[in-house]
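A short write-up of the structure that comes next.
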Amino acid sequence: MTSSKQKHSMQPQPNHDESVRQDFVTDLRAFLTDEIFPKIVPYYEKNIEPEFVKEQSRKPKDKSEVRDLMLKDKSYQSWSLLQRLSQQMMFTSVIDTVERTLNDLIDRSKLHNSLGTLELDNKVEVPRYLTAYDIHQQPGGYHTEKIEDDIAPGVVYDISLPIYSRNSMGDENDLLSQAIIGHMQKHIKMPEPESILDMGCAIGNSTLPLAKIFPSAKIHGIDVASPCLRYAHARANALGVTAHFSQQNAEQTTFEDATFDLITSCLLLHETSHDAIPKIIYETYRLLKPGGWMIHLDVYPFHRETIEPLYDFLKDWEVTNNNENFSGALRNMNLQQIFEDAGFSKETIEFTSAEAIAQYTKGYTGDFYLKLPIYLAQKPKTA
């Protein structure tokens, strides 16, 4: 008998064979990520770097030199190939479940609409940085619609996250938002927000925790992907949480000036482009009330004083192998200057990390702490 993987009524339940395939991919990803990946650094330091030092009388000076060495190494090639294939296998294993149940899920989504609101706008153009390739190798990306009232990309994303994270994101896939909330509660002194905007909300897994922790606030989530927004609204209803979702580009929204006390995002900026990031930050400033805060959680740790060439190379794996083609732009930008130019108070701008407690549900014991990069700043109270 297959144990239930369904965490709420908008998630499909895989049949036996689908469930077994998903479990296999979860275990494969855990092996590659948690058993093999940590061995790359000591392997490099013992076997690859010494040969370079012997020939050049110095260590590799940047990630490009490390890349030239690593791409010739068969052990690294093997891990990299399997890691990329495991991502493809992950989506293959969940798409069967989604396609088999999609019509029923769409019907169900139309019944889950009593809480909050959903506003879609077919005039919103999905930016090229999201359409040029399938982000994370998810077939069709997050935005592609194949049938009327399509929610498939959102469902695929929701049920693939536990596989990607090896079951460490929590039952509602909200670990990252919980990290932001935890940091706010510990380190930011601010009145309880009355209005909150979550940019790039996707399926709302970063939005709903904000609604739960600030029940008196009006919570908005925006994204350009209509299938994800349809699913986000139905999912919020299935979980009994009120939130307001609308199809908008974070670079330029329809909200009035000084609307929000708090603006957040989880893994949005690195999915955009060199041109889009400053626009998003300027728009964030416009939308915040005087004294309001922005907190963006993302992948690149700007608070590190030095970045080792090997670390820099390994951070590029997602860029070159997992269809994160635009994410390299983020790490090469001067966010401090962009924040200041937008008008944020210089003394409040901070690049640090937020801690999240993750727990594996299979093959591991106990909790472990993730330190996730966050970028935050406050709009001047007299703005």
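No lab work stands behind these numbers, since they all come straight from the coordinates. What you are looking at is a predicted structure, and each value in this text was computed from that prediction instead of being measured.
Structural remarks
- Comparing 60, 42, 193 in a Gaussian network model of the chain (Cα springs below 10 Å), the most mobile by mean-square fluctuation is 42.
- Where only C-alpha atoms are counted, convex hull volume of the chain per residue in Å³: 144
- Dividing the mean sequence gap of close Cα pairs (under 8 Å, 6+ apart) by how many residues region 1-148 holds gives a relative contact order of 29 percent.
- Using C-alpha pairs below 8 Å separated by at least 6 residues, the relative contact order for the chain is 18 percent.
- Scattering profile of region 161-378 at q = 0.11 Å⁻¹ [log10 I(q)/I(0), Debye over alpha-carbon scatterers]: -0.52
- Relative contact order (%) - criterion: Cα under 8 Å, at least six apart; region: region 161-378: 21
- Antiparallel DSSP beta bridges within region 161-378, as percent of all bridges there, nearest 5: 45
- Pairs spanning more than 29 Å between alpha-carbon atoms, out of 74/371; 46/186; 5/218; 123/146; 110/289; 5/371: 74/371; 46/186; 5/218; 110/289.
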